[in-house]
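**Student:** Dropping the structure in here first, questions after.
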Amino acid sequence: MTGPGSAAPGTVLAVRGLDVAFRVGRGRRARTVRAVTDADLDLRAGRLTALVGESGCGKSVLTEALTGLLPGTASIRGSALLTPPERSDPVELLTAPESVLRDRVRGRLVGLVPQSAATHFTPTRTVGAQLRETLARLGATATVADLLDRAALPRHVAALHPHELSGGQAQRAGLAAALAGDPPVLLADEPTAGLDRPLVDHVTTLLAGLAAEGRAVLLITHDLRAARAVADDVAVMYASRLVETGPADDVFAAPWHPYTAGLLGALPDAGFTPVPGHPPELSALPDGCAFAPRCPVSGDCSGDPVPVRRGGRSVSCHPPTAPALPAAARSGAGSR
Ligand SMILES: Nc1ncnc2c1ncn2[C@@H]1O[C@H](COP(=O)(O)OP(=O)(O)O)[C@@H](O)[C@H]1O
Ligand code: SF4
Ligand SMILES: [Mg+2]
């Protein structure tokens, strides 16, 4: 991942300065929910990027903004340039008309495995019939059996109705549907939620395999252990901002942001120490660093954290006072 000026090599989807806000309530109770703030993210061919962060920090809204699935009440700014390899002209996802998103993007260039994938199937028809219909709508040459194979589902699942699927099968059926148009970008929103550990490992390994075949895969999860196991790149989201991004091995080995360090400290092998406190309401974000009330290294951190980018990594912290930042990063304060 790189700064906003230059996309990393192999970038298929470059998100820059993405802001999403909702106006909610009426009259004196009206307020603005800032769900995504100034997000920069590169999704690269052949790599799995894990988007991690506590519940409610804006992960799903970010994904929905990229696929044009947010309600009309959302105000969206920024850029998300999709440059599919050898497929078609680039598409600016945030301003593309709905007809372009429907006919060219969703399912064909960007596959989405939505949160609660099972609920996106019609309950009264078999999985096989619905996958066949999706293939026909996309004009795809693959068969239902191909899709089931790609999603590591046994063939007999085609004859089942959605309510007959186990949790793991339902997630993989959602994945099979998202793969129907063989999209170069795959966005999977919490595909492991509610699954036990062996199934989590199965689904994430499957996604890593789909990335290894050349797709750009975004795995959205609050399961840092799963992310650490399979991610090539990681983006850590806190209270609507991507506070740290970079190659997963580097970030997990030596996190620069105190929140990333806190998430890692909550893993079983690090002693199960949760980050104390709770994230702020996105309708009442404080000035300056939103993590300050929970930050163990908070010092003189007044003002907005300064984004620092070095060696394919980025962190949004307060460089002069954050011990979590190595000296090399601190000396690059503000560089973009
Ligand atoms: N349609 C909407 N209208 C108003 N607020 C919304 C809407 N969708 C999501 N939000 C708010 O945006 C914030 C981020 O939500 P979400 O992206 O679903 O979080 P996550 O996926 O990280 O758990 C939450 O505060 C949520 O209530
Ligand atoms: S800016 Fe300060 S309070 Fe915020 S995460 Fe960095 S060190 Fe902690
Ligand atoms: Mg979500």
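**Student:** Going by average Cβ neighbours within 10 Å, how do the peptides 277-284, 102-109 rank, with the highest at the top?
**Tutor:** Values: 277-284: 14.9, 102-109: 18.5.
The packing order, highest mean first, is 102-109, 277-284.
**Student:** For segment 229-277, what log10 I(q)/I(0) values come out of the Debye formula at q = 0.16, 0.18, 0.24, 0.32 1/Å, with one point per alpha carbon and no solvent?
**Tutor:** Debye curve over Cα of segment 229-277, log10 I(q)/I(0) at q = 0.16, 0.18, 0.24, 0.32 Å⁻¹: -0.43, -0.55, -0.94, -1.25.
**Student:** Can you give the extra length, in nm with one decimal, that the chain gains between residue 287 and residue 6 once fully stretched, where that is 0.36 nm per residue apart less the Cα-Cα distance? Write down the numbers at each step before the final one.
**Tutor:** Details: separation 281, 0.36 × 281 = 101.16 nm, distance 2.90 nm.
Working it through step by step, the gained length comes to 98.3 nm.
**Student:** Could you calculate, for segment 143-208, the ratio of the Cα radius of gyration to the Kirkwood radius, expressed as Rg to Rh? Please report the intermediate quantities before stating the final value.
**Tutor:** Values: Rg = 11.3 Å, Rh = 12.1 Å.
We get a ratio of 0.93 for segment 143-208.
**Student:** Sticking with this one: For a Förster distance of 35 Å, can you work out the FRET efficiency between the beta-carbons of residue 272 and residue 250, rounded to the nearest 0.05?
**Tutor:** Numbers: r = 24 Å, r/R0 = 0.69.
That pair, residue 272 with residue 250, gives E of 0.90.
**Student:** For segment 1-84, compute Rg over Rh where Rg is the Cα radius of gyration and Rh is the Kirkwood radius from the inverse mean 1/r over Cα pairs.
**Tutor:** Values: Rg = 14.3 Å, Rh = 13.9 Å.
Over the Cα atoms of segment 1-84, Rg/Rh equals 1.03.
**Student:** Using only helices, what value at 222 nm comes out for the chain when you add -39,500 (n - 2.57) per DSSP H run of length 4 or more and divide by the total residues, to the nearest 500 deg cm²/dmol? Could the numbers behind the result be given before it?
**Tutor:** Numbers: 9 runs with 80 residues, N = 336.
Mean residue ellipticity, 222 nm, calculated: -6500 deg cm²/dmol.
**Student:** Set Lys and Arg Cβ to +1 and Asp and Glu Cβ to -1, take the dipole of the chain about its Cα centre, and tell me which of 206, 175, 301 lies farthest positive.
**Tutor:** With unit charges placed on the Cβ atoms, the residue in question is 301.
**Student:** Let me ask something else about it. What is the distance in Å between the Cα centres of segment 79-118 and segment 235-308?
**Tutor:** Using only Cα atoms to place each centre, the spacing works out to 30 Å.
**Student:** Among 76, 220, rank each residue by its count of other Cβ atoms within 10 Å, from fewest to most, as a rough exposure measure. Walk me through the intermediate numbers first.
**Tutor:** Working: 76 19, 220 25.
Ranking 76, 220 by Cβ neighbours within 10 Å, fewest first, gives 76, 220.
**Student:** So between residue 155 and residue 213, what do we pick up on full extension, going 0.36 nm a residue minus the alpha carbon distance?
**Tutor:** Values: separation 58, 0.36 × 58 = 20.88 nm, distance 2.22 nm.
Result for the pair: 18.7 nm of gain on full extension.
**Student:** I want to verify a result. In a Gaussian network model of the chain, Cα cutoff 10 Å, which of these has the top mean-square fluctuation: 175, 62, 165?
**Tutor:** 165
**Student:** Next question, about the same structure. Take segment 55-127, drop everything but the C-alpha atoms, weight them equally and run the Debye formula without solvent; then report log10 I(q)/I(0) at 0.19 Å⁻¹ to two decimals.
**Tutor:** Log10 I(q)/I(0), no solvent term: -0.89.
**Student:** If the elastic network links every pair of Cα atoms under 10 Å, which of 312, 111, 168 fluctuates the most in the Gaussian network model of the chain?
**Tutor:** Its mean-square fluctuation being the largest, the pick is 312.
**Student:** I'm checking a number: the convex hull volume of the Cα atoms of segment 122-258, normalised per residue, in Å³. What is it?
**Tutor:** On the way: hull volume 16.9 nm³, N = 137.
Output value, Cα hull per residue: 124 Å³.
**Student:** A further question on this structure: Please turn the phi angles of segment 285-297 into ³J(HN,Hα) values with the Karplus equation 6.51 cos²θ - 1.76 cosθ + 1.60 (θ = phi - 60°), one per residue in order, whole Hz, x for glycine and proline.
**Tutor:** Couplings: 5, x, 5, x, 6, 6, 8, 3, x, 10, 7, x, 10 Hz.
**Student:** Related question: Most exposed first by the Cβ proxy, i.e. fewest other Cβ within 10 Å, how do 291, 272, 121 rank? Don't skip to the answer; put the middle values down first.
**Tutor:** Details: 291 26, 272 9, 121 21.
Ranked by crowding around the Cβ, least crowded first: 272, 121, 291.
**Student:** While we're on this one: Projected onto the charge dipole of segment 1-115 (+1 at Lys/Arg Cβ, -1 at Asp/Glu Cβ, origin at the Cα centre), which of 79, 55, 68 gives the Cα projection farthest towards the positive end?
**Tutor:** Most positive-ward Cα: 55.
**Student:** At residue 132 and residue 202, where each label point lies 7 Å from the Cα along Cα→Cβ, what is the point-to-point distance in nanometres?
**Tutor:** 2.5
**Student:** Just for the Cα atoms in the chain, what are the lengths along the principal axes, largest first, rounded to whole Å?
**Tutor:** Projected onto the principal axes, the Cα atoms of the chain cover 61, 44, 44 Å.
**Student:** Let me ask something else. Out of every Cα-Cα pair in segment 78-200, what percent are more than 19 Å apart?
**Tutor:** Pairs farther apart than 19 Å: 48 percent.
Bear in mind that the values in this text are calculations on the coordinates, not laboratory data. None of the values given here were measured: they were computed from a predicted structure. Here Cβ is always computed from backbone atoms with ideal geometry, including for glycine, and neighbour counts include all displayed protein chains.
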